[in-house]
Each structure stands twice: as structure tokens, then as C-alpha cells.
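Each reported figure results from applying straightforward, stated rules to the coordinates on display, with no laboratory input. What you see is a predicted model, and the numbers here were worked out from it, not measured in a lab. Reconstructed Cβ throughout: ideal geometry from the backbone, glycine too, with neighbour counts over all protein chains shown.
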Amino acid sequence: MKISHFLLPAVAFASKNGPEQDVTTAFKKKGLELFFTGDERKNTVISPYSIIGSLYMVAAGAGGESREEIFESLNLPQYFTSDKILEPFESYHQISKSLQANSTSKGVRGDPSYELRITNGMFYQEGLRDGINGEEIDPGTFDVLSNDFIGDMANVKALDFMRDASDATEVINKWAEKSTNGKIEELFADDLDADTKVVLASALYVKAQWKNPFVIFTEEKRKSLEFESMFYNYKNSGFESRSDIEWIYQEESILTTSFNHAVDVYELPMSIKKSNGGEPTQMLTVQIWVGDDPDEDISSTVINKYPTIRKQLKRKKLKFIMPKVKLSFKEDIKWRLEKIGIEQIFQEGTADFSPLLGQNSRAFVSKVNHAVEFEIDENGIEGAAVTASVLTSRSMSQPKLVAINRPFYFVVTNRCWDGKTHCPFENIPLFIGRVNDPNETNE
């Protein structure tokens, strides 16, 4: 991998882990921080993998303090040296490759497969490769973004934002729709600015079936289990009968644990991807985190316990009931990134994108649009996310009955092993969501 403008002071930092482990830790810690900056009483879903993947692309095009700030915010300062600067990018590429490899094949026991696609794209102003008003795309940085982050040159397009911003925006929206299997039809509701120079985007699409199928929770089953169709309503501060909620049910051995009898965690296994071509075996899972008291904030427990949750889980036979869920999310997440310490790239006149656009560039990131569509039903999950950074310049006992009938968090993550050895890059949060009302989509 070659890249220009990556010469840095040879400052030494100690790291106990390899780059893949450090990048995985960044996904876990910063993914949770990004999520928990929002409204606790609102349905929310984000994709840390899509957001941080987009940040790596922005970092590849940034220079000096702008790039250093991104590395610092992701807890990767030890790689901000001339000899290590590329290692996080290479690790992100390897993790993405492993998650996707042969993901449409059957699992090791003939389980239904899962589909997982990561698609990165770059859209730039026509003429920038030859130079416009003192700004010119650096060939070395262009090659790194094209070859090492994107791969398929069909996802690299020259567009004319200056003369036809509407058409350019439509092209990007169509790309997002195609990259998410039609789930996200409109990444940008309004036309991008005519001063847009580059848009760096990362899309993630996941569809997976449960390893142990759920069934629709029928009225007959409800009566046999003496289950009241109640769900906690924040607006009225209490449990209410909800005939409008569709419930799903399974009776299986489920990995679970409890913290101080106040927060319960359940991990539901999904499809297995068979190891092939030297890649490790992957399994997707959905973790459900639910507090005993709906009015108690359990975010600190999730943040503190999630990175090592796998060590706590024990298998129990359960009768498990949860609601079907359909969530939508779309916003400019600049403020979330600022909360985790990324600020300079958003400041006109201070941001440094000289590695991408040359020393005369005054480009800065004007917006970071993030859109997500996510569903949980009796068949499994389907989720899609796109993050686009816009660079602008102006110039074992009797089964216990468990009912998820109060607000809960969920995390779509992965288990990964090579033979009997667990991979360093597992339990990566692909999606994180909060459900306060199963019938509220936030549309």
C-alpha cells in the first residue's frame, strides 16, 4: 500500500495488542460512545461499523492535526507514526474482508447463510484530478482510497456538483439505494452544495436468519403461558396493554447473564458462515440488553460490560418472547463525532485535507449524513446503513419465561473463530439500537 503525504514524526507509543485487536477495540468503545450521546427515550439505531469505516476514509484524506485528532478519538494514537500510519487502514480492510468472505454460503451445520456487504464509494467534482482553482486530487491518495478502501472502480465517480448539484446528489442517492439492497432510498433529502468537492461514503447491508427460528406468538400460546401483552410506555410511565404489538417466540437454550439483578443480557445466535479460503468462521448474533426497571438508565452498564460480555454468558433453557421491530434513522451526525473529540475536520480554515486535495485546499467536512433501516422479525434481521462525509470548500432447568416487554437495547455483532482459537476481531458492533416503542419507526 502506498500513500503520499503520510510522513510523520517517529514518536513511539507502546501497544500490548496487534492492530486488528486495537481497531476492534475502537469499534467497540467508540461505537458505544457514538450511540449513547442521543435521547434515551427515543427509538434509535446506528451502525458503528459504517460510521467508523467512513472515518477511516476521511482520515486517509486528511493530514497533520486533522488526521491526528481522528486517530486520538479512536484511541489509536500509537499508530500516528511514519512507520505505523497504514496499519489501522490495513486492519479495517482485513476485518471487512473476513466479515464478507463467502457470506452467502451454507453454515458448518447446514444452517441458513447470512449476507453481509460492505461497499465504500468516492464521488468527486469533475476536473479535480486535473486541478480546479488551486485544488487537485493527489494521485497517491486517490489510489489508496480507490484500491484499498473501495476496490470496485464502479464506486468511484466524477460528478458535476458545480453545474448540476441535483443530478450529482441523485447519483449518490441511487448508489446508496443499490448498495443497501433498496433499503435506503434517499441518503440526502436536499441537493448537495455546489461547492462540494468530495463525498466519501461507506455502506453496510446485512440480512441473516435465526439459527433457532422464532414463530409468531399466537393468542393460543399467549393464553397457555398466561402472558399479558403489555409493554412499558414512557409517555404514561407504566405498562399498558398493547394489542398493536406483534410478538415472536422461541423456546431454546440461550446464552444469558444478569448484572446485579438489574440488567439482563441475552445473546441470540444467527447464521454461521463456513470457514473457507483461509478465512475464519463467522457467526452473527443479536444481543438484547434490558433493565428490570424501565425508568432506570442502564447505558453505563452496557458501556462498561459490553467489551467483555462474552466471558459472562451462560446457557439456559428459556421461553423467550420479544416484539417485532422496524426502525428508521437519518441525521447529520457531526455533533455525535464532536462529542467523541473529532472537531478540526469540521472547521473551515483549520481542517487539513492537503493529502487529498493539495496544499492550497481549504476543504472541510460540512456534514456527515448517516441513514439506517433495520428490522427484527420471526425470520431474522435485515439492516442497512450508509455514512457519507461531505468535503466542501468555499472557496438448564425448567424453561423460564422471559418477555422483552419493556424498553431494551440491541447489538448486532459477530462471533469469530479459526479452529479452536477465537479471532481478535469479534464482538464488533455492526448495529446498535434502542427500542422504546416497537411500533414507532421514527419515520
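Listed values, structure above:
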item: Entries in LYS84/LYS211; LYS221/LYS326; LYS174/LYS339; LYS29/LYS334; LYS207/LYS317; LYS30/LYS400 that, when Cα-Cα distance is taken, lie over 28 Å; result: LYS84/LYS211; LYS174/LYS339; LYS30/LYS400
item: The chain: calculated mean residue ellipticity at 222 nm from DSSP helix runs of at least 4, using -39500 (n - 2.57); result: -6500 deg cm²/dmol
item: Distance between the range 162-234 and the range 34-82 - C-alpha centres, whole angstrom; result: 21 Å
item: Which of ARG315, ARG222, ARG362 has the fewest Cβ neighbours within 10 Å, and the rest in rising order; result: ARG315, ARG222, ARG362
